[in-house]
Amino acid sequence: MGHPEIKILQVKPTLQIPLWLVWLVALGFVLTALGSYGILDNNEGLYAEIPREMLASHDWRQWVIPHLNGLPYMEKPPLLYWLTALSFSLFGVSEWSARLVPALSSLACVALLMRFGQAIQRPQAGRLAALMFVSGVGVAVMSRTLMFDMLLTACLMAALTYAYRYSADRQVGLLRRAYAWLALALMAKGLVAVMLFAAVMALTLLLSARTLGGFVRVCRNWFEPGAILLFLAIAAPWHIAASLVEPIFPWFYFINEHVLRFLGRREPHDYYAGSWWYYLPRMALYLFPWSFLLPSLLAPHAADRTDGAKNGRRFLLLAWLVPLIFFSISSAKANYYLVVVMPFAALQLALALEDRDFLRAPLRMAPGMLIALFAAALCVAVALRGSQLAAVPPIVGWTPAQFMSAALAGLAGLALLAGLAAWRWVKLGILAYLILPAWCTVALIVAVNAVEPLVSTRPLAHVLQTELAGRSVYLYRNFEEQSSLPFYLARPVAVIDSHSNDLFWGNKLQANDLLISSDQFEQVLSSRQVAVVVLERQLKDFRASRFFARINGQRQIGAATVFFN
């Protein structure tokens, strides 16, 4: 159904994007080789192990208070874990089933972009935005990685698009859908979803209102009882149950994990900071190669100056700019936070390109030339500093420097060809640049598969389960860097002299024999056979320990050395 109140300057573009092409590209970027490499250490290992433990526990309390490596883990809400556990129960525990939720979330964003494009009567811009979003290199990587942010992005995007349509149509059903999706966004990653939703919509309504009194009157409509009850019915039960199961939950979750994290005072301090412009260059990478189209927006175009068009563009700007500003001023920085910015940024870029009829011939060619120069410059940098990659194993028979040089040279060549194709064939136009993120994604998949022993414990777990079977497995100090090991061993792994931030609170809240001291481990050595996984930077301390003399075997596997008696 059309919505004339939110129509944004209809045009008749020369570039026609078929629906089948959008879905073919989206499915290719998201699902190709989804399970070809092991679960990655650190974040992905954490978030794959938690739903595995949920299913294995047969204890409803672990579905309320998630457990990581056998210990309580309350840092995030449980929707991602629940959905991943459902995927495991339906399809078995595997790499691809672990990544199915972010993959489907990314595809949901594709559908939402096209649906919203239809709602504002700009279907071709919606399809182009969907293509740019799903093929952007950063988004393609996050679509295939088990983390919270793609799920949050899909839920928050649905909430915002329904909310904006409600602001134009005043259909209460749209508001209730918006609040339902907002509740799911809250369950996906916490209060940040509500804060971003409220900020975007409040600013949109405030800037659209003619008077302050009019803004207040409009805001009253958003407190519709049915919508509020629906939100609470979805979001409240888990928060109440978690507070009853674990008394410290309200302080830990709302204060420590939200307020103190934003202020940079969370305990423990397991995140990094950055300057206010931290995310700006990363946005260019997330939307690569489409970010190279930004200079073309300086070209003149016909602007629709009606109130509906102004309100629509204002909403799109706020929908990506508000999250960007929020994360920029926060003391906690993380590259993956940017995912939530990308859908509306892609849509606004697509609308601007459609206003310019997807660019005249010379402008269509310019991004290819710029990307070719950029890739050539990176090629030179790799040639000058390639020796720093000496510790990385060969990739398809090449040294890492040779592989990177070949990948960049291929990117430069393809960019030139794509630029020429965009210039010569009007019906293809800027879609020619789809070959560039496809090339980058394939290169990344090949590289990750080649260096798997450095980024995943799947090869390590295979050795522990075959050649060193029957031994009790321990990690020395570092858990996060080997976090996929419990997933592959299908059981929690004890840690000697733990330095883990993610197990910090679980260890405080629950008495356990999983985090042990060196003295406790020395007692273990006298009664059982063990295998201890030690990272390179901890080797010196491990060899200096009192119990090292009782270790008589070792084997290096990827980034770790396994010591055994």
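Read the figures in this text as sums done on the coordinates, not as results from a lab. From a predicted model like this one, the values you see are computed outputs, not experimental measurements. Note that we place each Cβ from the backbone using ideal geometry, even for glycine, and neighbour counts take in every protein chain shown.
For the reader, a short list of remarks on this structure follows.
- Euclidean distance between Cα centres, the range 34-113 to the range 387-404, Å: 32 Å
- Were the residues from residue 425 through residue 360 laid out at 0.36 nm apart, the gain over their Cα-Cα distance would be 22.3 nm.
- Electrostatic tally near residue 362: other residues with Cβ closer than 14 Å to its Cβ, Lys and Arg +1, Asp and Glu -1, net +3.
- With only Cα atoms counted, the range 110-263 has Rg and Dmax values of 17.4, 52 Å.
- Set the Cα radius of gyration of the range 455-564 against 2.2 N^0.38 Å, with N its number of residues, and you get 0.99.
- Dipole orientation for the range 74-194: of the candidates 77, 102, 153, 153 has the Cα lying most toward the positive pole (charges on Cβ; Lys, Arg +1; Asp, Glu -1).
- Shape analysis of the range 485-540 places it in the rounded category; the axes a ≥ b ≥ c from the Cα gyration tensor give an a/c below 1.5.
- Centre separation in Å (Cα based) which lies between the range 459-522 and the range 202-253: 41 Å
- Taking 7 Å steps out from each Cα toward its Cβ at residue 91 and residue 195 produces label points 3.3 nm apart.
- Taking a point 7 Å from the Cα of residue 536 along the Cα-to-Cβ direction, the residues of the range 367-398 with backbone N closer than 13 Å to it are 388-394.
- Legend: calculated FRET efficiency, residue 520 to residue 546, from the Cβ-Cβ distance at R0 = 22 Å, rounded to 0.05, equals 0.95.
- Across the cross-link table entries 76/508; 76/310; 189/508; 76/333, which are compared at the Cα atoms, the separations over 26 Å belong to 76/310.
- Potential extension, residue 170-residue 406 segment - 0.36 nm per residue separation minus Cα distance: 79.4 nm
- Recomputing percent of Cα pairs over 38 Å apart from the coordinates shown identifies the correct label among (1) 24; (2) 46; (3) 35 as (3).
- Simple label model, 7 Å out from Cα along Cβ direction - residue 417 to residue 276, nm: 4.5 nm
- Compared with the dominant principal axis of the Cα atoms in the chain, helix 100-119 is inclined by about 10°.
- For the range 455-564: relative contact order, % (alpha-carbon pairs under 8 angstrom, 6 or more apart): 28 percent
- Net charge dipole size for the chain [Lys, Arg +1 and Asp, Glu -1 on Cβ; Debye, nearest 20]: 1520 debye
- Our helix-only sum for the chain, with -39,500 (n - 2.57) per DSSP H run of n ≥ 4 divided by its residues, gives a mean residue ellipticity at 222 nm of -18500 deg cm²/dmol.
- Between residue 267 and residue 398, the modelled labels are 5.1 nm apart [label points 7 Å from Cα along Cα→Cβ].
- Taking all Cα pairs closer than 8 Å and separated by 6 or more residues, the relative contact order of the chain comes to 18 percent.
- Treating r as the C-beta distance of residue 468 and residue 57 and R0 as 30 Å, the FRET efficiency rounds to 0.70.
- Between residue 68 and 73, the built amide H atoms are under 5 Å apart, and every one of these is 5 or more places off in sequence or on another chain.
- Rg ratio (alpha-carbon, reference 2.2 N^0.38 Å) - the range 361-452: 1.21
- Listed values for the range 61-76 are Karplus-derived 3J(HN,Hα) couplings in whole Hz (6.51 cos²θ - 1.76 cosθ + 1.60, θ = phi - 60°), namely 5, 6, 7, 8, 10, x, 10, 10, 6, x, 10, x, 9, 10, 5, 10, and x replaces Gly and Pro.
- Amide hydrogen neighbours beyond the local backbone of residue 557, cut-off 5 Å, H modeled: 562
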